[in-house]
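Remarks on the structure that follows.
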Amino acid sequence: MSHEALHESYVVQAHNFASAGEVSASIKRLLRHIGIDFGVIRRVSIAAYEVELNLVIHSRGGRIDLEIIPPIEIGGETGWLHLTSTDVGPGIRDVDLAMQEGWSTATDDVRDLGFGAGMGLPNMRRNADSFEITSEYGVGTTIKMGFKIQ
């Protein structure tokens, strides 16, 4: 793994199901290339895919920012990988409800495509070492996830 911090940003278009999953696949390839542990890659890939799909399904578009801070940069044995998703509306009315497995506001059309099972946010929280969500209804949502790396 490189000893320099890394920053990447990816744009995700709303309702573009044809490209859904491309950002998370790009992140996975990058993490493999720089030598991140496979177990970390697996957890990051799951969380990145879920957050990307949430942007496609529920938002009016947004972006995913990736930041990798190696251990040497922070003076310790453990570095961090951060994924931050920021979208443009519509926001989440009830974050606590949205965090419940199986709860979803996906439309029938989205469900017919095989998405919208209500597992996205719970899967993100389950795979991340740190998880924070802030949302303002009518404005947008920010999800910050952290993953420990060696």
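The values are calculated or read from the model by the stated rules, or taken from the named source; none is laboratory data. Here the structure is a predicted model, which means the values were calculated and not measured. Positions of Cβ are generated from backbone atoms using ideal geometry, with glycine treated the same way; all protein chains shown enter the neighbour counts.
Just checking, how many residues over the stretch 78-105 are touching a residue at least 40 places away in the same chain (Cβ under 8 Å), of a type in the set (A, V, I, L, M) and farther than 18 Å from residue 62 by Cβ?
1
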*Does residue 51 satisfy being closer than 22 Å to residue 20 by Cβ, among the β-branched types (Val, Ile, Thr), modelled with pLDDT under 95 and touching a helix residue (DSSP H, G or I) at 6+ places or on another chain (Cβ under 9 Å)?*
no
Here the residues within the stretch 116-126 that are surrounded by fewer than 19 Cβ atoms within 10 Å (Cβ to Cβ) and either modelled with pLDDT of 95 or more or outside any helix (DSSP H, G or I) (or both) are 117, 118, 119, 125, 126
- Just wondering, is there one or more residues in the stretch 68-80 that are of a type outside the set (Ser, Thr, Tyr) and either within 24 Å of residue 138 (Cβ to Cβ) or under 13 Å from the mean Cα position of the chain (by Cα) (or both)? no
Within the stretch 15-43, of all residues that are more than 11 Å from residue 149 (Cβ to Cβ) and touching a Leu at 6+ places or on another chain (Cβ under 7 Å), the one surrounded by the most Cβ atoms within 10 Å (Cβ to Cβ) is 27
Taking first residues from the stretch 29-49 that are free of Cβ contacts under 8 Å to residues at least 12 places away in the same chain and second residues anywhere that are in a helix (DSSP H, G or I) and not charged (D, E, K, R), the pairs with Cβ under 8 Å that are 6 or more apart or on different chains are 32/41
